[in-house]
Amino acid sequence: MKIPVSITVNGKVYAHEVEARELLVYHLRDRLRLTGTHIGCDTSTCGACTVHIDNKAVKSCTVLAVQADGCDVTTIEGLSGDASHPLQVGFKEEHGLQCGFCTPGMIMTASDLLMRNPDPSEHEIREALEGNICRCTGYHNIVRAIQYAAKEFSTEVVGC
């Protein structure tokens with residue numbers, strides 16, 4: 001059974017008919033071709049599929065596309081527009097990625113954290129990342145990348 005939905009993704013409204021059981025992650029990747037949202041486990045364990053729904057980090061493998069009807073979804077592609085987001089810069093500068101598979105989910109989760117807490121402690125960062133798995137790193141550089149971005153955000157806010 002197909003159900004009409006209207007979802008705003010990265011600022012653009014998309015109106016489609018979707019199967020009632022279609023997961024948002026597949027809608028984003030297969031229908032909208034936004035492949036930065038990765039599929040890692042389909043069980044909400046790894047966090048690679050994390051997006052923002054109405055400005056809150058959510059694992060898109062746990063959300064049906066019909067549940068996102070009327071919502072505002074931001075993917076890694078829409079996080080910063082044309083410029084690099086401070087988190088993307090931080091991951092580069094602090095060597096926070098290796099294979100890069102988990103990186104979009106890590107960045108989307110970290111972005112949610114920094115929106116709620118612009119100056120998180122190391123413990124708060126590690127706690128926020130609990131639902132994201134990286135099989136390549138020891139998380140140390142990922143935490144440093146998020147700390148780097150937090151400093152960039154605070155610099156932008158105070159105008160230094």
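More than 24 Å apart: what percent of Cα pairs in region 9-120 qualify?
Details: 1310 of 6216 pairs.
Value for region 9-120 (Cα pairs over 24 Å): 21 percent.
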Inset, instruction - Report ³J(HN,Hα) in whole Hz for each residue of region 106-116, in order, from the Karplus equation J = 6.51 cos²θ - 1.76 cosθ + 1.60 where θ = phi - 60°; Gly and Pro get x. - result: 4, 5, 5, 5, 5, 4, 4, 4, 5, 5, 8
Inset, instruction - Apply the Karplus parameterisation 6.51 cos²θ - 1.76 cosθ + 1.60, with θ equal to phi minus 60°, to every residue of region 38-52 and state each ³J(HN,Hα) to the nearest whole Hz, in sequence, with x for glycine and proline. - result: 8, 10, x, 9, 6, 10, 6, 8, 8, x, 5, 9, 5, 10, 9
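If I take every Cα pair under 8 Å that is 6 or more residues apart in the chain, average their sequence separation and divide by the length, what percent do I get for the relative contact order?
Details: 295 pairs, mean separation 37.9, N = 160.
Relative contact order of the chain: 24 percent.
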Inset, instruction - Consider a paramagnetic label point 7 Å from the Cα of residue 56 along Cα→Cβ; state which residues of region 120-134 have an amide N under 19 Å from it. - result: 128-132
Legend entry - 5 angstrom amide H check on residue 14, placed H, neighbours 5+ away: 7, 8, 9
Legend entry - In sequence order, calculated HN-Hα J values of region 121-130 (Karplus, 6.51, -1.76, 1.60; Hz; x Gly/Pro): 6, 4, 4, 5, 5, 4, 5, 5, 8, 3
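The numbers here are math on the coordinates, done by the rules we state, and not lab data. Nothing here was measured: the structure is a model prediction, and the numbers come from that model. When we count neighbours, we look across all protein chains shown, and the Cβ atoms used for this are built from the backbone with ideal geometry, even at glycine.
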